[in-house]
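Asker: This is the structure I want to talk about, given as structure tokens.
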């Protein structure tokens, strides 16, 4: 095998202080079949062009910070092997459906607001009361939500979702799956509060079950399934509140 | 920060991923199923109009144009059924203790099984 | 953000999706292929059998439920498809043709099935 095999990365560049338009810059990188796209980007940053900006941390599919569009697909670049693309060039862009801060870095602001909106934590009045001991949960109760708790907030699902691309009110796959995760937790009492948020506007109803969020999820969370289940819960709640307008909010969980 | 770059979604976003095209194919079944339902209502109307009117209408429906239209409607409605049954295990999972009823089995129990039963009863009821 | 009526339309969409998935292919086979096929004598016999089946009240009630819910299923699906294709700012006005059309189909079905 010749020692100096290379391949081309075409990388999206945008520096807000100098660029009015984004551009693509091609870099030749050494080809190593053990390398992932993130290794190649790091190599460029270290050896060729220190101005290239990208996010990454764990390199092992846990932190969720290296998500980018690789040849148009939302991918964790730490899990996208060069050998799956070689010898053709690889085009790397920041995740779509998010504003670009700089080069491959997107803004997280909107995503964070949506995550917060679903109150992704256990809500109950006696949360500080430890006199009763632990809040026990059976394996079956854990199984009800465990899959939906595996999200690493990599936002690939937002980049795969066409509705997230044009409807700001839509809370999006990860946030809705996370809300559903807490609604299904036997220790939680905050379902009515969360449903207030989910029933509003296009927050959940914007979803048309395209299903690509589930297809791209590196953690097999299945946000698409979670959202349909959450719609059914929300619809039941809607009819319950319609039938009993008064005091409906008191009856949580 | 004012320098953030916004990249608007293109109108033809559904061309960008094969999964989007499959989604559009599923959504478009709505037009075909609705169209068929209108034809079904016309058929029921002719049935109420007496034997002669109904026989004439069936004669019309046996022309090639209507056969092709019904073939399209059949394909669209079957595609709706197949995609719907694929979604059911995701949207309505059946939990058995710590396990979930496996998706293929759930699709048969909640989709294909009832579908086959209903279709058999209807076709048998008319042909008998 | 106001509470939306989407939950109501989605529930109809959902119920109609089940009905359409289970019943509509069989309906198409019957009215599109079985009834119009064969020579005149065979067709007349099948038409008479069809009239007998549809004439029964339980069958009419099921037919009405399937047709009405399927219409609302289609109306909701069509509305959201159009919204996804760029008509999102008309999500309110689109309710009129989509759900109004479904309602018209429902009323029409009720009148026809009642009169049979």
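Asker: Please verify whether region B:35-44 includes one or more residues that are free of Cβ contacts under 8 Å to residues at least 40 places away in the same chain, more than 18 Å from the chain's Cα centre (by Cα), more than 14 Å from chain A (Cβ to nearest Cβ) and not in a helix (DSSP H, G or I).
Answerer: Among the residues of region B:35-44, not one is free of Cβ contacts under 8 Å to residues at least 40 places away in the same chain, more than 18 Å from the chain's Cα centre (by Cα), more than 14 Å from chain A (Cβ to nearest Cβ) and not in a helix (DSSP H, G or I), which makes the answer no.
Asker: Turning to a different aspect of this structure: Which count do you get for residues in region B:68-86 that are surrounded by 15 or more Cβ atoms within 10 Å (Cβ to Cβ), more than 7 Å from chain C (Cβ to nearest Cβ) and either more than 16 Å from residue C:74 (Cβ to Cβ) or touching a strand residue (DSSP E or B) at 6+ places or on another chain (Cβ under 8 Å) (or both)?
Answerer: Qualifying residue count, region B:68-86: 3.
Asker: Here is a follow-up. Considering only residues of region A:184-218 that are more than 14 Å from chain C (Cβ to nearest Cβ) and free of Cβ contacts under 8 Å to residues at least 60 places away in the same chain, which is surrounded by the fewest Cβ atoms within 10 Å (Cβ to Cβ)?
Answerer: A:186
Asker: As an exercise: evaluate residue B:23 against (1) more than 12 Å from chain A (Cβ to nearest Cβ); (2) without any contact (Cβ under 8 Å) to a residue 12 or more places away in the chain; (3) under 15 Å from the mean Cα position of the chain (by Cα) and give the number of the one condition it does not meet.
Answerer: For residue B:23, the exception is condition (1).
Asker: Here's something else I'd like to know. Do we have residue C:52 as surrounded by fewer than 16 Cβ atoms within 10 Å (Cβ to Cβ) and in a helix (DSSP H, G or I) here?
Answerer: yes
Asker: On to the next question. Residues being at negative phi and assigned to a loop (DSSP other than H, G, I, E, B): count how many of those fall in region A:68-120.
Answerer: Of the residues in that region, 16 qualify.
Asker: Would you mention how many residues in region C:61-98 are under 15 Å from residue B:24 (Cβ atoms) and over 19 Å from the mean Cα position of the chain (by Cα)?
Answerer: Number satisfying all stated conditions: 6.
Asker: In this structure, is residue C:36 outside any helix (DSSP H, G or I) and either free of Cβ contacts under 8 Å to residues at least 12 places away in the same chain or surrounded by 15 or more Cβ atoms within 10 Å (Cβ to Cβ) (or both)?
Answerer: Taking the combined requirement at face value, the residue satisfies it.
Asker: If you don't mind, another one. What do you reckon, is residue B:93 part of a loop (DSSP other than H, G, I, E, B) and without any contact (Cβ under 8 Å) to a residue 40 or more places away in the chain?
Answerer: yes
Values quoted throughout were computed directly from the atomic coordinates according to the rules given, and no laboratory measurement underlies them. Since the model is a prediction, treat every value here as computed from it, not as a measurement. Ideal geometry is used to build each Cβ from the backbone, glycine not excepted, and the neighbour counts take in all protein chains shown.
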